[in-house]
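Some notes on the structure that comes next.
Every number in this text was worked out from the coordinates using simple rules, so none of it is lab data. These numbers were taken from a predicted model, which means no experiment stands behind them. Here Cβ is always computed from backbone atoms with ideal geometry, including for glycine, and neighbour counts include all displayed protein chains.
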Amino acid sequence: MAQLAVDRKPLLLEAARLYYEHNLNQAQIAQKLEVSRPGVSRLLQEARDAGIVKIQIVDPSAAGTRLESALREKYSLKHVVVVPSDPSDAILKSRLGSALINLLDTMLIKNTTLGVSWGSTLQAATMHLKPRTIENMTVVQLNGGVSKAELDTHASEIARRMGDNYHAIPYLLPLPAIVDTPELKQAITSDRHIAKTLKLAREADIAVFTIGAFGSKSVLVQADYFEDAEVRALMDQGAVADICSRLIKADGSICSPELDDRTIGIELEELKVKPNAIAVAGGADKAMAVKAGLAGGYFHSLITDEAVATTLLGED
């Protein structure tokens, strides 16, 4: 909340009350307070920035927008949030991230274990965190995220920021998402500290993750987990999406059991049984990936944008 000069606060209060409580328009307020009309607009914005004015939108039916209601009904989802689409990737991810934090803040209670994946959308979400203490809360990383390339997946940073914000204990997985052999995975996950973190991930009350569209621009490919020939082979096998670093086909089934055996993190079947599994994905190119996740039944809540929503509803 912004700090106000003592002699300015009464002016902001008066402008806010005249506008929001007494329904005067800005021209009338300008005349009454002897300021310019643009000056009234600035006063009202300053009152909002300082926390003097807080705007809450109440949905009497609790049904949300038409797109949200239709998606909830068609796919039997618990929660759906649809944000406006935007050609700017950064703006869209910020909107998705903000919506995620708003939803989370309605769900978090004491003794909650929150599982989080990684990626640029979840990184954007941490920019919207509102400081709050949740008693006896734990944050755990759902899957490995150490990149073989220079790409920063933000994996540990996301879980750590979440933990700091809610005064919760963070448990991290400073490991690759995919290793070379099942035997290597078994050796790594047998370590008692890593085994404890993976157990917490399996037991998390809430799981939050993104859905990626698999292809040459996939974050897993950019992170250097696959050579070009491997990408083509996986796409030939039907890979269309990744959830927690696990590749799935259009029908939601695992694309490559052999690859799945080398992936470190929560199993997709474990996501299905969670009380709250929240998927976050937006952008027209993610529509097929989100649909694959819905086909697999891997989440019960969805945060997406209008472009994906209209495609899922067959309106595109």
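Here are some notes:
- Largest first and in whole Å, the equivalent-ellipsoid semi-axes of region 235-316 read 22, 16, 9, each the square root of five times a Cα gyration tensor eigenvalue.
- Hull shadow area, averaged, the chain [alpha-carbon convex hull, nm²]: 19.4
- For Val81, residues with placed amide H under 5 Å, excluding near neighbours: Leu302, Ile303, Thr304
- Diffusion coefficient of region 127-191 by Stokes-Einstein, Kirkwood radius over Cα pairs, 20 °C, 1.002 mPa s: 162 µm²/s.
- Helix-only arithmetic for the chain: the sum of -39500 (n - 2.57) across DSSP H runs with n ≥ 4, divided by the residue total, places the mean residue ellipticity at 222 nm at -12000 deg cm²/dmol.
- Using the Cβ of Val231 as centre and a radius below 13 Å, the other residues enclosed give a net charge of -4, where K and R count +1 and D and E count -1.
- Only one residue of Leu33, Ile211, Ala307 has its Cα farthest out toward the positive end of the dipole of the chain, where Lys and Arg carry +1 and Asp and Glu -1 on Cβ, and that residue is Leu33.
- Exposed GluC sites (Glu not before Pro) absent - longest run of the chain, DSSP non-H/G/I/E/B, at most 12 other C-beta within 10 Å: 35-134
- Cα gyration tensor, region 160-316 - rounded (a/c under 1.5), prolate or oblate: oblate
- Using a cutoff of 8 angstrom between alpha carbon atoms and counting only pairs six or more residues apart, the relative contact order for the chain works out to 18 percent.
- Neighbours of Glu203, meaning other residues whose beta-carbon lies under 15 angstrom from its beta-carbon, give a summed charge of +1 when Lys and Arg score +1 and Asp and Glu score -1.
- Axial C-alpha extent at least 24 Å, average Kyte-Doolittle at least -0.5 - helices from the chain (DSSP): 89-107
- Whole-angstrom gap from region 271-288 to region 79-147, using each part's C-alpha centre: 12
- Charge dipole (Cα centre; +1 on Lys/Arg Cβ, -1 on Asp/Glu Cβ; no other charges) of region 159-244 amounts to roughly 420 debye.
- Fully extended contour minus Cα-Cα distance, from Val35 to Thr133, at 0.36 nm per residue: 31.1 nm
- Available extension along the chain between His193 and Arg17 is 57.7 nm, counting 0.36 nm per residue and deducting the alpha carbon span.
- Translational diffusion of region 9-49, µm² s⁻¹ [Kirkwood Rh, Cα pairs; Stokes-Einstein; 20 °C; 1.002 mPa s]: 222
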